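Read the structure below first, then the notes.
The values are calculated or read from the model by the stated rules, or taken from the named source; none is laboratory data. Treat the numbers as computed from the prediction; the structure is a model and nothing was measured. When we count neighbours, we look across all protein chains shown, and the Cβ atoms used for this are built from the backbone with ideal geometry, even at glycine.
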Amino acid sequence: MKIYISSLLFLLITCFEAKAQQEMLLYEGKIPNSKASVDKEKSEINKDGFLILSDVSVPTITAFEPKISKPNHTAVIICPGGAYGILAAGHEGADVAQKLSNLGITAFVLKYRLPNDSIMIDKSIGPLQDAQKAIQMVRENAAKWNIDPAKIGIMGFSAGGHLAASASTHYEKALIDNPKNTSLRPDFSILIYPIISFTDKLAHMGSRDNLIGEKPSEEQIMYYSNELQVTSQTPPAFLVHCTDDSLVPVGNSIAYDRALRQNELSQ
């Protein structure tokens with residue numbers, strides 16, 4: 001009964017807080033790279049008390065604005081983790097966004113599509129499309145939120161860290177309509193126990209399988225191994241990773257750090 005009451009209170013608080021935020025559809029009209037399908041999205045509190053979303057097919061972005069919005073302040077787009085199979089939307093999403101907004105930063109939680117052949121033409125690019133669209137939307141509407149368009153970062157946890165790193169290394173090729181030629185490059189990234197590499201040695205195989213399939217080509221593996229995609233133009237990154245991480249090898253962060261340093265990028 002205590003667990004039931006706690007879960008109910010958490011849901012009520014979450015719903016109350018959601019009304020105070022601004023959730024927006026990521027796309028106007030048809031979602032690119034999508035197949036006609038029924039929206040089967042589910043929201044639940046798991047056994048550990050965390051808010052989890054599954055079967056996400058309609059992407060949104062939710063703005064958490066500071067109470068006092070100073071001109072030209074920083075913004076961060078947050079990508080929750082979940083092995084590209086679920087979204088840890090609470091402790092790796094809304095909770096973090098609320099903390100950032102308390103610090104005077106406008107935070108945006110990205111509810112990105114989870115790769116699935118039944119809802120996408122090419123599931124491997126779906127999450128990255130949504131990350132690019134989020135950056136585009138925030139940058140093009142920076143004045144609306146008093147944001148400096150040159151201070152828009154991206155943050156990700158675990159598989160969300162892979163998505164944030166992918167957005168940081170694959171921004172030159174637009175996977176979405178971009179008629180204004182808006183820069184899709186994040187100005188910085190914050191990567192928390194991120195999956196960086198899809199190589200056999202470092203990959204979190206569940207995340208790799210969910211995004212590019214169980215039998216990916218070598219080209220796909222290399223493309224989404226973001227330590228191999230770093231250039232001198234890659235935005236600087238702040239990395240956090242425990243050496244005893246049993247799910248995502250710390251070698252992921254080390255490999256990305258090494259690649260950044262080789263390109264003389266500060267972290």
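Worth a mention:
- Segment 49-73, residues that are of a type in the set (Lys, Arg) and within 15 Å of the chain's Cα centre (by Cα): none
- Boolean, Ala259 is buried (at least 20 other Cβ atoms within 10 Å of the Cβ), touching a helix residue (DSSP H, G or I) at 6+ places or on another chain (Cβ under 6 Å) and of a type in the set (Gly, Ala, Ser): yes
Here's the yes/no breakdown for (1) hydroxyl-bearing (Ser, Thr, Tyr); (2) surrounded by fewer than 24 Cβ atoms within 10 Å (Cβ to Cβ):
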residue: Phe188; (1), (2): no, yes
residue: Thr199; (1), (2): yes, yes
residue: Gly206; (1), (2): no, yes
residue: Asn226; (1), (2): no, no
residue: Val250; (1), (2): no, yes
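- Across segment 196-215, the qualifying residues are those that are of a type in the set (A, V, I, L, M) and without any contact (Cβ under 8 Å) to a residue 60 or more places away in the chain, and the one among them that is farthest from Pro236 (Cα to Cα) is Met205.
- Contact annotation: no residue pair with Cβ atoms under 9 Å, 6 or more positions apart or on different chains, pairs a residue in segment 163-181 that is more than 17 Å from Asn33 (Cα to Cα) with a partner that is in a loop (DSSP other than H, G, I, E, B) and modelled with pLDDT under 95.
- Residues that are surrounded by 11 or more Cβ atoms within 10 Å (Cβ to Cβ) and of a type in the set (Gly, Ala, Ser) within segment 24-52 comprise Ser34, Ser37, Ser43, Gly49, listed in sequence order.
- Of all the listed residues (Leu239, Leu228), the sole one being modelled with pLDDT of 95 or more and touching a Ser or Thr at 6+ places or on another chain (Cβ under 7 Å) is Leu239.
- Single residue of Asp244, Asp257 found to be without any contact (Cβ under 8 Å) to a residue 24 or more places away in the chain and assigned to a helix (DSSP H, G or I): Asp257
- Out of Ile77, Ile13, sole residue that is at pLDDT 95 or above and either farther than 26 Å from Ala165 by Cα or among the β-branched types (Val, Ile, Thr) (or both): Ile77
- All positions within segment 45-57 that are modelled with pLDDT of 95 or more, in contact with a strand residue (DSSP E or B) (Cβ under 7 Å, 6 or more places away or on another chain) and assigned to a loop (DSSP other than H, G, I, E, B): Asp55, Val56
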